[in-house]
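Below is one structure, written out as structure tokens; the observations come after it.
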Amino acid sequence: MQLYWWPKTRSLRALWMLEEVGEPYERVPVNLQQGGQKDPAFLAVNPMGKLPALADGEAKLAESAAICAYAADKFPEAGLAPAIGDPQRGRYLHWLFFAPACIEPAFAQKFAKFEMPETSAGWGSYDRVFAVLEQALTAGPWLLGENFSAADVMIGSDLWFGIEVFKIVEAKPAFRAYVDHCLARPALQRALAIDAAGV
Ligand SMILES: N[C@@H](CCC(=O)N[C@@H](CS)C(=O)NCC(=O)O)C(=O)O
């Protein structure tokens, strides 16, 4: 597998996921400052010209949540997704999709300060997204109770970004405890070290 990445970007989510999986992969730097994302060879992997992206033989894909789902399904022995047919699969998919469908636009709304009627905004509102998430994380330790999954990689990295990097999410006790659980995972520590070391 080749992971197209660049430090200090959303690539961290895929990096963390591949470190959780523990299978060999190669990091291919795509220099966003020098327009590497517009290179035709990279656009063949992700026509959106965005990171992260993954190539695995003939399989080429982007979108962090899709990369997490792909890696979890390809390596079931890593135990990062409930199997098809397992009732927990429903909530797993719910939270995996919640990250790009609700958290990302809620962040964008907070940054850009735009208003939309809650009934037509797919994420409702920033407050609704984080109230629902707080409720989901209160029991802990993970979104699926005792079972860590790829959904935690997506939501955990978003909350980490929101609280510690962007500082736009209030570190409510349930969020703080959850992010601390995430930070205690050796795979996230390895991903953060790779990210900090740069290319
Ligand atoms: N929906 C994508 C978003 C990826 C994204 O926006 N990546 C940014 C870096 S954080 C990027 O590659 N920007 C380069 C560009 O748009 O030119 C995902 O979740 O993976």
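FYI, it's all coordinate maths here, none of it is from the lab. The structure displayed is predicted, hence computed values, not measured ones. Cβ placement follows ideal geometry from the backbone for every residue including glycine, while neighbour counts extend to all protein chains displayed.
Neighbouring Cβ atoms within 10 Å as the yardstick, rank 86, 152 fewest first.
Working: 86 12, 152 28.
Fewest-to-most Cβ neighbours within 10 Å comes out as 86, 152.
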- Please arrange 127, 158 by counting, for each residue, the other beta carbons lying within 10 Å of its beta carbon, fewest first. 127, 158
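Arrange 149, 120 by Cβ neighbour counts within 10 Å, fewest through most, would you?
Numbers: 149 24, 120 7.
Fewest-to-most ranking of 149, 120: 120, 149.
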- Item | the range 146-151 - phi-based ³J(HN,Hα) in whole Hz, Karplus 6.51/-1.76/1.60, Gly and Pro as x | 7, 9, 5, 8, 4, 5
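Under 1.5 on a/c is rounded, so check that first for the range 1-114, then, if it is not, pick prolate when a/b is larger than b/c and oblate when it is not; a ≥ b ≥ c are the square roots of the alpha carbon gyration tensor eigenvalues. Each step should come with its number before you reach the end.
Values: a/c = 2.14, a/b = 1.16, b/c = 1.84.
Oblate.
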- Using the Karplus curve 6.51 cos²θ - 1.76 cosθ + 1.60 with θ = phi - 60°, work out ³J(HN,Hα) for each residue of the range 26-37 in order, rounded to whole Hz, and write x for Gly and Pro. 10, 8, 10, x, 10, 6, 5, 5, 9, x, x, 5
- Task: Could you pull out every residue, at least 5 positions away or on a different chain, whose amide H is within less than 5 Å of the one on residue 27? Hs are placed 1.01 Å off N in the peptide plane, and Pro or chain starts have none.
- Result: 3
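Which of 38/172; 38/60; 60/110; 60/113; 50/172; 74/167 have a Cα-Cα distance over 28 Å? Spell out each step's value before the answer.
Values: 38/172 40 Å; 38/60 17 Å; 60/110 32 Å; 60/113 35 Å; 50/172 31 Å; 74/167 34 Å.
Beyond 28 Å: 38/172; 60/110; 60/113; 50/172; 74/167.
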- Item | Alpha-carbon centroid distance for the pair the range 52-66 / the range 152-199, whole angstrom | 22
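Does the range 112-199 classify as rounded, prolate or oblate by the C-alpha gyration tensor (a ≥ b ≥ c root eigenvalues; a/c under 1.5 gives rounded; else a/b over b/c gives prolate, otherwise oblate)?
Details: a/c = 2.22, a/b = 1.42, b/c = 1.56.
Cα axes put the range 112-199 in the oblate bin.
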- Counted charge near residue 140, where neighbours are those whose Cβ lies closer than 15 Å (Asp, Glu -1; Lys, Arg +1): 0
- Item | residue 53 long-range amide H proximity, modeled H, under 5 Å | 4
- Calculated from DSSP H runs of 4 or more alone, at -39500 (n - 2.57) each and per residue, what is the 222 nm mean residue ellipticity of the chain, nearest 500? -14000 deg cm²/dmol
- Residue-wise HN-Hα coupling along the range 76-81, computed from phi with Karplus coefficients 6.51, -1.76, 1.60 (Hz; x: Gly, Pro): x, 5, 6, x, 9, 8
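Antiparallel as a % of all DSSP beta bridges within the range 2-79, to the nearest 5? If you can, show how the numbers build up before the last one.
On the way: 7 of 11 bridges.
Of all bridge pairs located within the range 2-79, approximately 65 percent are antiparallel.
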- So, counting K/R as plus one and D/E as minus one, what does the shell of residues with Cβ under 14 Å around residue 31 add up to? +3
